[in-house]
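Bear in mind that the values in this text are calculations on the coordinates, not laboratory data. On a predicted model such as this, the values are computed, not experimentally measured, just so you know. For neighbour counting, all protein chains shown are included, and Cβ atoms are generated from backbone atoms with ideal geometry for every residue, glycine included.
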Ligand code: NAP
Ligand code: GDD
């Protein structure tokens, strides 16, 4: 029989790639969408209008609205649920801590309780995050590393992580936490650092922007490729028993490295001058200042270093990342340069 999946966060980066994967595998996909004042379905437009459109259905609701979740689960009775919906920007979570905690933390509980209330037989994937490790207590981080959340975003995700485990134990629910490290793509939101850098350099190269303003250049991340990571989500729900898994590349690079590499692919050669908020990135060939540091992009508490150990996912799920950091950067640079050329 054809499997059915319910995906929250379907309009987001991961929701769109996961929906593609599920449709390819023959699922019917139900996606949760919110009412927005402007059309925000660019990432899934091709699925709504393509030859798979009869298998791709959208339902209005919200993770802040329990009754909408109950109604959708009753109506659709999905075999698998992927909870990807979230206020996913860590920096913004300091400005909207209550809203972020409500959607990211209580939202997960609302979904779990809707499963319990409706009594449907299903499996749940919860989008947990490497942000849980925060001020890391060991390197690299694995499933046993102690959490030290450093933002309202991470605190909300910590609640979601533990309540998912609790419902698994209390109600014998097949529920998994994917502790995913940063993953990027051409569909990444424009105010996350990687996309901000690739898009800005495409604009600078084409004369549409003068400078790029950034925050903490020394922050280090374990960056992977989003399509690789949604495959891990699906594999978790195909496993014999539920569990929690780190999904990462095991390699770490700084924001500074990401900038230098993107600049180089766009024909610039960056040299750094000054320190802290006075630091600037100068193009050696022209002497032009292309990067400046702005205090507003610093966070009250940041996560300085992340590096994941994905051995368990490799052993139990047979999962491994396929795309390296330099391949990821090339994919994103090409995509944003094509985009800007079309707009010009
Ligand atoms: P994203 O592109 O920002 O997408 C977030 C999605 O959540 C959007 O579809 C958004 O809908 C939806 N959403 C926001 N508030 C909602 C609400 N109140 N009710 C229902 N849906 C809501 O994020 P992503 O990068 O795809 O990440 C997917 C999930 O993985 C998130 O939970 C994120 O926290 C988590 N995660 C991401 C990473 C990463 O590196 N990407 C790593 C670890 C964990 P609108 O389009 O209507 O805003
Ligand atoms: N966004 C942003 N903008 N970040 C900047 C900037 C800037 O101008 N300048 C420096 N950074 C630094 C941030 O301070 C952070 O240390 C790092 O770049 C990465 O920031 P983001 O790209 O915003 O991602 P994130 O690591 O905070 O959060 C992402 O990954 C998490 C997994 O670890 C999000 O996708 C979260 O939803 C996800 O859970």
*Residues residue 192 and residue 292, FRET efficiency given R0 of 22 Å [Cβ-Cβ distance, rounded to 0.05]*: 0.70
*Can you pull the three principal axis extents for the Cα set of the chain, in Å, largest first?*
65, 46, 38
*Residues in the stretch 192-232, backbone N under 15 Å from the label point at residue 324 (7 Å along the Cα-to-beta-carbon vector): list them, ranges by number please.*
223-225
*Which of 71, 187 has the fewest Cβ neighbours within 10 Å, and the rest in rising order*: 71, 187
*Tilt of helix 255-265 relative to the longest C-alpha principal axis of the chain, in degrees (0 to 90, nearest 10)?*
70 degrees
*Three-way shape call for the stretch 25-92 based on the alpha-carbon gyration tensor, with the a/c threshold at 1.5*: oblate
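Just want the ordering: 246, 262, 284, from fewest to most Cβ atoms lying within 10 Å of their own Cβ. Intermediate values should be presented prior to the final figure.
Working: 246 27, 262 24, 284 10.
With the fewest neighbours first, 246, 262, 284 line up as 284, 262, 246.
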*Just 182, 104, 191 to compare: in a GNM of the chain, with alpha carbon springs under 10 Å, which one fluctuates most?*
191
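Shape of the stretch 1-50 from its Cα gyration tensor (a ≥ b ≥ c, root eigenvalues): rounded if a/c is under 1.5, otherwise prolate when a/b > b/c, or oblate?
Details: a/c = 2.17, a/b = 1.79, b/c = 1.22.
Prolate.
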_Given an 8 Å cut-off on Cα distances and at least 6 residues of separation, report the relative contact order of the chain as a percent._
17 percent
_Ranking of 30, 298 by count of other Cβ atoms within 10 Å, fewest first_ = 298, 30
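Give me the percent of Cα-Cα pairs in the stretch 179-281 that sit more than 21 Å apart, rounded to a whole number. Kindly include the intermediate steps, with their values, before the conclusion.
Working: 2306 of 5253 pairs.
The proportion of pairs with Cα distances above 21 Å equals 44 percent.
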_Inter-probe distance in nm under a simple model that places probes 7 Å from Cα toward Cβ, at residue 39 and residue 1_ = 3.7 nm
_Tell me the angle of helix 13-24 to the major Cα principal axis of the chain, expressed in degrees between 0 and 90 and rounded to the nearest ten._
50 degrees
*First obtain the Kirkwood hydrodynamic radius of the stretch 1-115 from its Cα pairs, then insert it into the Stokes-Einstein equation at 25 °C and 0.890 mPa s, and state the resulting D in µm² per second as a whole number.*
169 µm²/s
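Would you mind getting me the FRET efficiency between residue 54 and residue 314? Use the beta-carbon distance for r and R0 = 56 Å, nearest 0.05. Walk me through the intermediate numbers first.
On the way: r = 36 Å, r/R0 = 0.65.
It comes out at approximately 0.95.
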